[in-house]
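Working notes for the structure below.
Laboratory data are not the source of any read-out in this text; all were calculated from the coordinates shown. These figures come from a predicted structure and were not determined experimentally. Methodologically, a virtual Cβ is constructed for each residue, glycine included, from the backbone with ideal geometry; neighbour enumeration extends over all protein chains shown.
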Amino acid sequence: MSSRIVQPITPEALAKFNAAQERAGIVYISRIPPGMRPTKIRHLMSAYGEVGRVYLQQEDPKRAYLRKKHTTNKKVQYTEGWVEFKDKKIARSVAEMLNAQPIGGKKGTRWRDDVWTMKYLPKFKWNMLTEQVAHEAALHTARLRVELSQSRTEQKDYLRQVELAKQLEKRAEKKRKAGEDTTQPEKRAEKTAEKAGDSRPNKRRKESSKPSSSKDISSVINSVF
């Protein structure tokens, strides 16, 4: 299997590339109509001049997840884009001409009533865009790492709180059982005392209700004589 050999760039080719970069102009599109893809952007912009590179930024992953979850539209959506024209003069004129204007097209076309929102970026080159995209990707990765770290910390705190609540519940249950065990003998003693107190007056009543035998005999003798 033969490996591809990369030829080193010559000074003439490098100078030609730099000159082309200096002549090129970038148009920034702040809103991409729903469903419009890079190929469609290139097709529409090519009607005004020679187009170089086109880059569209996909929507935020969280927003895309929620959209796909709650709607029937599962396709990739783009939020903003950059279009490189080979001639900066054409790029400037296209941005000034199309900004805040309807996209247009034949009747019934999907984006016929959508409006362009674009701006020419003077002194902005494509390498700046790649650096910006790389920087934003690095920031996004760092943000994800921070969010994951916070999520792990919150999860550990939650589990710790759950375990602490279980331990406190066990301690409270033990105290509750211990309190019931100590109060039961006291309740039994109180019941016994109440029963004893109720029986003593009854005995006294019975004793007082019994007539004396000597008094009864003397009363009978007196009645006879």
Q) Under a plain spin-label model, where a point goes 7 Å from the Cα along Cα-to-Cβ, how far apart in nm are Gln58 and Val6? A) 2.5 nm
**Q.** Charge dipole (debye, nearest 20) of region 4-131; +1 at Cβ of Lys and Arg, -1 at Cβ of Asp and Glu
**A.** 600 debye
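Calculated FRET efficiency, Arg42 and Asp113, Cβ-Cβ r, R0 25 Å, to nearest 0.05?
Details: r = 21 Å, r/R0 = 0.86.
The calculated FRET efficiency here is 0.70.
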Q. Which whole-Hz ³J(HN,Hα) couplings does region 62-74 yield from phi under the Karplus relation 6.51 cos²θ - 1.76 cosθ + 1.60, θ = phi - 60°, glycine and proline marked x?
A. 5, 5, 5, 5, 5, 5, 5, 6, 9, 10, 8, 7, 9
